[in-house]
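Encoded as structure tokens, the structure appears first; notes follow it.
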Amino acid sequence: MNGTVIRRATAADAAALAALGTATFVETFGHLYSREDLQAFLEESHTVEAYAGALADPDYALWLAERDGQAIGYAQAGRCGLPHAEAQPGDGELKRLYVRAGTQGGGTGRALMDEAMAWLLRDGPRPLWISVWSENLGAQRFYSRYGFEFAGEYEFIVGAQRDREFMYRRRAQA
């Protein structure tokens with residue numbers, strides 16, 4: 001984590017989160033999509049307005065990882081919105097966890113995950129959910145270390161493209 005600071009994001013961070021969310025999504029998945037599909041997704045999901053809305057909603061929380069004044073990663077957590085028959089209104093979900101490509105492997109993702117997990121469990125044990133692209137094996141291994149297990153799949157839509165997305169659940173733990 002050498003010099004990395006993790007902090008809760010505020011309304012003033014919406015633009016930084018939109019830029020970071022766009023950059024990390026493109027770094028991670030940009031090669032999978034046509035320019036049109038990628039742009040449509042980014043304009044829907046990674047705008048200043050989208051992040052401002054999440055930051056203003058008390059059912060969501062976001063964290064920024066910064067190094068030398070630069071945002072290098074972020075996490076977003078909130079109520080579960082996954083299309084699984086067993087997902088309940090009180091369940092939590094890690095919505096996003098991204099770290100810039102050149103800064104991965106130093107513990108930043110783990111630190112962001114720990115912050116999100118603590119927030120999700122602040123009122124006690126409850127089921128937690130995560131969705132992961134079916135071919136992102138590294139992320140699947142990472143989440144399994146936190147006790148998440150495969151629970152199903154659905155189609156994740158990016159523009160006109162539909163991706164196979166896996167849902168993982170961590171049951172409430174006493």
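The values are calculated or read from the model by the stated rules, or taken from the named source; none is laboratory data. Everything numeric here is computed off the predicted structure, so don't read it as measured data. No Cβ is skipped: glycine too gets one built from the backbone with ideal geometry, and neighbour counts run over all protein chains shown. Accessible surface is based on the protein model in full, side chains and every heavy atom, while ligands, DNA and RNA are left aside. Shrake-Rupley method; radii C 1.70, N 1.55, O 1.52, S 1.80 Å.
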>> Just the residues that are of a type in the set (A, V, I, L, M, F, W, C), surrounded by 17 or more Cβ atoms within 10 Å (Cβ to Cβ) and out of contact with any Gly (no Cβ under 8 Å at 6 or more places or on another chain), please, taken from segment 53-86.
In response: Leu55, Leu62, Trp63, Ala71, Ile72, Ala75, Leu82
> Looking at (1) open to solvent by 40 Å² or more (accessible area, probe 1.4 Å); (2) under 24 Å from Tyr33 (Cα atoms); (3) under 16 Å from the mean Cα position of the chain (by Cα); (4) of a type outside the set (Val, Ile, Thr), which is the only condition Ser144 fails?
Replying inline: (2)
>> If I ask for residues that are in a helix (DSSP H, G or I) and open to solvent by 20 Å² or more (accessible area, probe 1.4 Å), which ones from segment 110-135 would you list?
In response: Arg110, Ala111, Asp114, Glu115, Ala118, Trp119
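Per-residue answers, yes or no, for (1) of a type in the set (Ser, Thr, Tyr); (2) assigned to a helix (DSSP H, G or I); (3) in contact with a Lys or Arg (Cβ under 7 Å, 6 or more places away or on another chain):
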| position | (1), (2), (3) |
| --- | --- |
| Leu55 | no, yes, no |
| Ala65 | no, no, no |
| Ala71 | no, no, no |
| Glu86 | no, no, no |
| Leu94 | no, no, no |
| Tyr98 | yes, no, no |
